[in-house]
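**Q** First the structure, which I've put down as structure tokens, then a few questions once you've had a look.
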Amino acid sequence: MIDIKPIRPKLHLEVLSVDELAAIRSATLHVLEHVGVNFPSERALRIFAEHGAQVDVEGQIVRLPPDLVTEAMSHAPRSYVLSGRAEGTDLLLDGTNSYFGTDGTGTLTVDFETGERRYSCKDDVARMAQVADHLSSIAFYWPMVSAQDYGLLAPLHEIDASFNNTAKHVQTVTVMGERMARYAIRMTEVLAGDRDSMRAMPPLSSLVCTNAPLAQDEHGIEGAMTFAEAGIPVGFMSMPTMGSTAPATAGGALTVGNAELVSAMVLMQLVAPGAPVFYSLCASVLDPRTGGYIVGIPEKYLCNTAGVQLAHDWGVPTLAGAFAMDCPEPNTWQLGRDSVYTALMVAQAGADLAEGLGMIKASTLLVPEQIIFDDEIYHTHRVLAEGVDVGADSLAVDVIADVGPRGHFLAQKHTRRRVREIWIPELTHPRPPRAGEPLGDVRKRARARLDRILAEHEPEPLDEAVQAELRAILDAAEREMGT
């Protein structure tokens, strides 16, 4: 059975008051009604027009009256399950647990053997899926890098590598367009067994990025409609950058991002009422001195946490952004500092999902052992967020009485039982080495653990018939779409 340890926060964090949530909702509805959002899709424009939106066909701008927004969003489910293909992999999105996943989809990797930087390939996706399958911090898998050795069909090969190397839920972030989405749906049906099983317990979900400010991507939104109709959960991520694609204020960034996300989710409900959707807002800041993109900054931490509250204000699950900082090197003070804030804050805010483990350099570079560092940070946050247990066995009054003043607790059965339950970080507190063996620095220890996982962990294999059908679907896609 796969071991997934979600964060069950006892400590709760709110960065927006009830009045502040209401103010952002009001500003968002104003923008949707009077400014509008760009939808470069004839089908989307037609659907909006049929439901009473004001549609500028030539400019491809949709303006949504508040009543249409609230009515459509009332159909979006607050809770549903993201499934895997093995016992212990189902993720119930009901606000009780925060499930974390990997980051993706970067274009560069540090080669597993040579240590040289190169473009990523399908084998990298597969190897990291195997590692993610083992780690209890990872509840779902984003293909961490792109299968660039497969060109146009890379998104489908990323799904194939993921399905074959982890039994956990897989979330694609690169499938775009109706044709590509239909192939991904067919692959998911094969994995689930049939279309009804796929709808009931989907082993794949999709995340589509909006185009800030106030625009949707043509292929992204058309693929999303196709997924929604098939019952595949689909989420939208807005990435407003304060000072460039959003106002230079957190409130303005939240309003722009909220409008983008809500408009997309409204469309999904018009296409397929009750379609499972989720909300993701990940902000950043423009460096006014260089024009650079900054994600390791307090405004981001606050906006990402506020995004959790905004999602729940609309009554939908959320995918929060965490980890994945802009530091270019692993095992550094800067990366350790920046990774702490969002991962802990969004969990305490009640994020249903959070992504980000394992990548650096603003999610563009895979350093294989980084996922081991992030795993340790994750479990530290898990223990912190779950707070202090004051149940009878934890208070241990009888044990204290048996030991008494000036006694010692080591010999107690209670101690021997409960001390094993204390999570001890292996990287910072490793087991003592055998006599004569060097301990090695922390990065080497992280790499050694990753190498052990790759050598010893065997993900639950797919049936040969399923593997063959997946290959047949990829071959069909190649014949139709080329490489």
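The values are calculated or read from the model by the stated rules, or taken from the named source; none is laboratory data. Source: prediction; values computed, not measured. Using ideal geometry, Cβ is built from the backbone for each residue, glycine included, and neighbour counts are taken over all protein chains shown.
**Q** Which of the residues that make up the range 164-175 are touching an Asp or Glu at 6+ places or on another chain (Cβ under 7 Å) and aliphatic (A, V, I, L, M)?
**A** The answer is ALA167, and nothing else.
**Q** Going by the structure shown, is GLY251 surrounded by fewer than 21 Cβ atoms within 10 Å (Cβ to Cβ) and not in a loop (DSSP other than H, G, I, E, B)? If you could, list the steps in order and put the result at the bottom.
**A** Numbers: surrounded by fewer than 21 Cβ atoms within 10 Å (Cβ to Cβ): yes; not in a loop (DSSP other than H, G, I, E, B): yes.
Answer is yes for this residue.
**Q** Within the range 52-67, does at least one residue satisfy the condition of being small (Gly, Ala, Ser), assigned to a helix (DSSP H, G or I), closer than 18 Å to VAL271 by Cα and in contact with a strand residue (DSSP E or B) (Cβ under 7 Å, 6 or more places away or on another chain)? Let's see the steps before the verdict.
**A** As a first pass, look at the range 52-67 and keep what is small (Gly, Ala, Ser): 52-53, 59.
Narrowing further to those that are assigned to a helix (DSSP H, G or I): none.
No: zero hits.
**Q** What's the total number of residues in the range 201-216 that are on the phi < 0 side of the Ramachandran plot and in contact (Cβ under 8 Å) with a residue 60 or more places away in the chain? Please lay out each step first, then the result.
**A** To start, the set of residues in the range 201-216 that are on the phi < 0 side of the Ramachandran plot comprises 201-213, 215-216.
If we keep only those that are in contact (Cβ under 8 Å) with a residue 60 or more places away in the chain as well, we get 201-203, 205, 207, 211, 215-216.
Total meeting the criteria: 8.
**Q** Mind telling me which of the residues GLY387, GLY404 ends up being of a type in the set (Gly, Ala, Ser) and within 26 Å of GLY101 (Cα to Cα)?
**A** Details: GLY404 fails: within 26 Å of GLY101 (Cα to Cα).
After applying the criteria, what remains is GLY387.
**Q** Another one. Can you go through GLN334, GLN348 and tell me which one is surrounded by fewer than 24 Cβ atoms within 10 Å (Cβ to Cβ) and within 27 Å of CYS209 (Cα to Cα)? Explain how you work it out, then say what you get.
**A** Numbers: GLN334 fails: within 27 Å of CYS209 (Cα to Cα).
On inspection, the qualifying residue turns out to be GLN348.
**Q** Just the residues that are among the small types (Gly, Ala, Ser) and in contact (Cβ under 8 Å) with a residue 24 or more places away in the chain, please, taken from the range 249-265. Write out each step before concluding.
**A** The initial filter retains those residues of the range 249-265 that are among the small types (Gly, Ala, Ser), namely 250-253, 257, 259, 263-264.
Across the range 249-265, the qualifying residues are ALA250, GLY251, ALA253, GLY257, ALA259, SER263, ALA264.
**Q** Still on this model: Is it the case that some residue within the range 375-395 is crowded, with 17+ Cβ neighbours inside 10 Å and part of a loop (DSSP other than H, G, I, E, B)?
**A** no
**Q** Does the range 264-293 hold any residues that are modelled with pLDDT of 95 or more, more than 21 Å from the chain's Cα centre (by Cα) and either small (Gly, Ala, Ser) or part of a helix (DSSP H, G or I) (or both), and which are they?
**A** VAL266, LEU267, GLN269, LEU270, VAL271, ALA272, GLY274
**Q** Report those strands (runs of 3 or more DSSP E) wholly inside the range 91-155 carrying at least 2 residues which are of a type in the set (A, V, I, L, M) and surrounded by 15 or more Cβ atoms within 10 Å (Cβ to Cβ).
**A** On the way: elements: 91-93, 99-102, 108-110, 117-119.
It comes to 91-93, 108-110.
**Q** I would also like to ask the following. Within the range 324-342, is even one residue within 28 Å of GLU222 (Cβ to Cβ), hydrophobic (A, V, I, L, M, F, W, C) and part of a loop (DSSP other than H, G, I, E, B)?
**A** At the first step, the residues of the range 324-342 found to be within 28 Å of GLU222 (Cβ to Cβ) are 324.
Adding the requirement that they be hydrophobic (A, V, I, L, M, F, W, C) leaves 324.
With the extra rule that they be part of a loop (DSSP other than H, G, I, E, B), the set shrinks to 324.
Yes - at least one qualifying residue is present in the range 324-342.
**Q** Would you confirm, using the coordinates I've provided, whether LYS168 is basic (Lys, Arg) and either touching a residue at least 60 places away in the same chain (Cβ under 8 Å) or crowded, with 24+ Cβ neighbours inside 10 Å (or both)? If you could, list the steps in order and put the result at the bottom.
**A** On the way: basic (Lys, Arg): yes; either touching a residue at least 60 places away in the same chain (Cβ under 8 Å) or crowded, with 24+ Cβ neighbours inside 10 Å (or both): yes.
Here the answer is yes, as LYS168 does meet what is asked.
Yes/no matrix, rows are residues, columns are (1) touching a residue at least 24 places away in the same chain (Cβ under 8 Å); (2) within 20 Å of GLN171 (Cα to Cα):
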position: GLN60; (1), (2): no, no
position: LEU68; (1), (2): yes, no
position: HIS75; (1), (2): yes, no
position: SER83; (1), (2): yes, yes
position: GLY88; (1), (2): yes, yes
position: LEU92; (1), (2): no, yes
position: GLY95; (1), (2): yes, yes
position: SER98; (1), (2): yes, yes
position: THR105; (1), (2): yes, yes
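**Q** Just checking: which of the helices (runs of 4 or more DSSP H) contained wholly in the range 408-483 hold 3 or more residues that are farther than 22 Å from LEU153 by Cβ?
**A** Numbers: elements: 413-418, 442-456, 464-481.
Counting at least 3 such residues, we get 413-418, 442-456.
**Q** Any idea how many residues of the range 198-235 are in contact with a Phe, Trp or Tyr (Cβ under 7 Å, 6 or more places away or on another chain) and outside any loop (DSSP other than H, G, I, E, B)? Quick ask: steps written out before the conclusion?
**A** Within the range 198-235, the subset in contact with a Phe, Trp or Tyr (Cβ under 7 Å, 6 or more places away or on another chain) is 206, 208, 210, 216, 221, 233-235.
Checking which are outside any loop (DSSP other than H, G, I, E, B) leaves us with 206, 208, 221, 234-235.
Residues meeting the conditions: 5.
**Q** So which residues in the range 305-323 are of a type outside the set (A, V, I, L, M, F, W, C) and either part of a helix (DSSP H, G or I) or without any contact (Cβ under 8 Å) to a residue 40 or more places away in the chain (or both)?
**A** Of the range 305-323, the ones of a type outside the set (A, V, I, L, M, F, W, C) are 305, 307, 309, 312-313, 315, 317-318, 321.
Once the filter is applied, which keeps residues that are of a type outside the set (A, V, I, L, M, F, W, C) and either part of a helix (DSSP H, G or I) or without any contact (Cβ under 8 Å) to a residue 40 or more places away in the chain (or both), the range 305-323 yields THR305, GLY307, GLN309, HIS312, ASP313.
**Q** Can you pull out every residue in the range 12-23 that is closer than 14 Å to THR305 by Cα and either part of a helix (DSSP H, G or I) or in contact (Cβ under 8 Å) with a residue 40 or more places away in the chain (or both)? Can you show your working first?
**A** Quick first cut of the range 12-23, residues closer than 14 Å to THR305 by Cα only: 12-17, 20-21.
Across the range 12-23, the qualifying residues are HIS12, LEU13, GLU14, VAL15, LEU16, GLU20, LEU21.
**Q** Those residues that are of a type outside the set (A, V, I, L, M, F, W, C) and in contact (Cβ under 8 Å) with a residue 60 or more places away in the chain, I need them from the range 268-302; list them, please. Steps first, please.
**A** From the range 268-302, those of a type outside the set (A, V, I, L, M, F, W, C) are 269, 273-274, 276, 279-280, 284, 287-293, 296, 298-301; that's our starting set.
Correct list: GLN269, PRO273, GLY274, PRO276, SER280, TYR293.
**Q** With the checklist (1) within 15 Å of VAL266 (Cα to Cα); (2) out of contact with any Gly (no Cβ under 9 Å at 6 or more places or on another chain); (3) assigned to a loop (DSSP other than H, G, I, E, B) in hand, flag the one item ALA72 doesn't pass.
**A** With (1) within 15 Å of VAL266 (Cα to Cα); (2) out of contact with any Gly (no Cβ under 9 Å at 6 or more places or on another chain); (3) assigned to a loop (DSSP other than H, G, I, E, B) applied to ALA72, the lone miss is (3).
**Q** Being touching a helix residue (DSSP H, G or I) at 6+ places or on another chain (Cβ under 6 Å) and either over 27 Å from LYS5 (Cβ atoms) or surrounded by 10 or more Cβ atoms within 10 Å (Cβ to Cβ) (or both): is that true of PRO405 here?
**A** Numbers: touching a helix residue (DSSP H, G or I) at 6+ places or on another chain (Cβ under 6 Å): no; either over 27 Å from LYS5 (Cβ atoms) or surrounded by 10 or more Cβ atoms within 10 Å (Cβ to Cβ) (or both): yes.
When the stated conditions are applied, PRO405 does not pass them.
**Q** A follow-up question, please. Taking the condition of being of a type in the set (A, V, I, L, M, F, W, C) and within 29 Å of ALA468 (Cα to Cα), how many residues in the range 188-225 meet it? Walk me through it before giving the result.
**A** Step one: list which residues in the range 188-225 are of a type in the set (A, V, I, L, M, F, W, C), which gives 190-192, 198, 200-201, 204, 207-209, 212, 214-215, 221, 224-225.
Still in the running and within 29 Å of ALA468 (Cα to Cα): 190-192, 198, 200-201, 204, 207-208, 224-225.
Here the count works out to 11.
**Q** Could you identify the single residue in LEU357, LEU366, LEU353 that is in contact (Cβ under 8 Å) with a residue 40 or more places away in the chain, buried (at least 19 other Cβ atoms within 10 Å of the Cβ), closer than 15 Å to ALA139 by Cα and out of contact with any helix residue (DSSP H, G or I) (no Cβ under 6 Å at 6 or more places or on another chain)?
**A** Criteria check complete, one pass: LEU353.
**Q** Return the residue satisfying two criteria in turn: it lies in the range 200-245 and is of a type in the set (Gly, Ala, Ser) and closer than 14 Å to PHE278 by Cα, and of such residues it is surrounded by the most Cβ atoms within 10 Å (Cβ to Cβ). Before the answer, list the steps.
**A** Initially, the range 200-245 is screened for residues of a type in the set (Gly, Ala, Ser), giving 200, 205-206, 212, 215, 220, 223-224, 228, 230-231, 235, 238, 243-244.
Narrowing the set further to residues that are closer than 14 Å to PHE278 by Cα leaves 205-206, 224, 228, 231, 235, 238.
Numbers: SER205: 26, SER206: 25, ALA224: 32, ALA228: 25, GLY231: 20, GLY235: 28, SER238: 28.
The residue in question is ALA224.
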